[in-house]
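This report concerns only the one structure given below.
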Amino acid sequence: AQVLWMRAHDVPKSEALKNIKGEELNKRREQWLQWHDQHTGGIMGLCPLTYNCPMRFTMTVDPKRGICKQTRCHMIGWELHERDYEKVMGSSLPEIILERLPKKLFVKVDGAEMKQHHNLEPQVFAVAPRRASWALDKNKTMWVTRTGFPLVPDFASTVHGVTGRT
């Protein structure tokens, strides 16, 4: 299956970081992409997109529909930015790095019945990009805002995490 790699977008918010520009900023952004989602507000720096990939939410997105932190789902589609759409449609490469974040991701939620989202099929939820702020340092003086999706691949679970599942 073809894998599309989406990159989160990081914007420095603290005065100490706002002075960093050009190549130095790009270098730092590359480093930040490698940080674990637990340190970056629940949004992965690099996230793979492939059909039927098991995923889970890293933050509560829609409590009315039961889309909370740790909710499991499967990737069933996406709406790409126009630039990336052209790039992907004409390619047979096994992996492609997207230039822009997708406009939406479509996931099928595992488990119980979910109230219909927009005019989508039952159990299907459209996820839009989210923003989360996170600190670069332990003293929480240097902040970055990350735009991306609150989803991570979910190929394994701990015993604690599966307790109560049937």
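In this rough spin-label picture, where each label sits 7 Å from Cα along the Cβ direction, the E15-T141 distance is 1.2 nm. Using only the Cα atoms of the stretch 84-166, build the gyration tensor, take square roots of its eigenvalues as a ≥ b ≥ c, and label the shape rounded, prolate or oblate: rounded if a/c is under 1.5, else prolate if a/b is larger than b/c, else oblate. It is oblate, given that a/c is not under 1.5 and a/b is not larger than b/c.
Can you give the helix-only mean residue ellipticity at 222 nm for the chain, where every DSSP H stretch with n ≥ 4 adds -39500 (n - 2.57) and the sum goes over all residues, rounded to the nearest 500 deg cm²/dmol? Could you put the intermediate results ahead of the total?
Numbers: 4 runs with 27 residues, N = 166.
My calculation for the chain gives -4000 deg cm²/dmol from helical runs alone.
A straight Cα-to-Cα reach below 21 Å connects K64 with the lysines K104, K108, K115, residues fewer than 8 places away in its own chain not being considered. Taking chymotrypsin sites (Phe, Trp or Tyr not before Pro) across the stretch 59-166, the ones in a DSSP loop with at most 12 further Cβ atoms lying within 10 angstrom of their Cβ are F155.
Within the straight-line cut-off of under 14 Å between alpha carbons, the aspartates and glutamates reachable from K13 are D137, sequence neighbours fewer than 8 places apart in one chain being disregarded. Once the Cβ-Cβ distance of T163 and A126 is raised to the sixth power relative to R0 = 41 Å, the FRET efficiency obtained is 0.85. Using a Gaussian network model on the chain with a 10 Å cutoff between Cα atoms, which of A132, A16, A156 fluctuates the most? The residue that fluctuates most here is A156.
Taking the centroid of alpha carbons for each part, the stretch 95-143 and the stretch 1-19 are 15 Å apart.
Measuring r between the beta carbons of S133 and W5 and using R0 = 30 Å, the FRET efficiency lands at 0.80. Directionally averaged projected area (the chain, Cα convex hull): 11.8 nm². The Cα atoms of the stretch 1-80 define a convex hull whose projected area, averaged across directions, is 7.1 nm². Annotation: amide H of M59 within the under-5 Å range of Q70, sequence separation 5 or more or interchain, hydrogens built in the peptide plane. Working from label points 7 Å from Cα in the Cα-to-Cβ sense, the T50 to V88 distance is 1.5 nm. Residues whose amide H falls under 5 Å from that of H81, counting only those 5 or more places apart or on a different chain, are K103, with hydrogens built in the peptide plane. Which shape class applies to the stretch 123-166: rounded if a/c is under 1.5, otherwise prolate when a/b exceeds b/c and oblate if not, where a ≥ b ≥ c are the square roots of the Cα gyration tensor eigenvalues? Oblate, because a/c is 1.5 or more while a/b does not exceed b/c. If only the Cβ of Lys and Arg carry +1 and only the Cβ of Asp and Glu carry -1, the dipole of the stretch 50-115 around its Cα centre is close to 360 debye.
All of the numbers you see were taken from the coordinates with simple rules; none came from a lab. Please read all numbers here as calculations on a predicted model, not as lab measurements. Every residue, glycine as well, gets a Cβ built from its backbone with ideal geometry; the counts of neighbours run over all protein chains shown.
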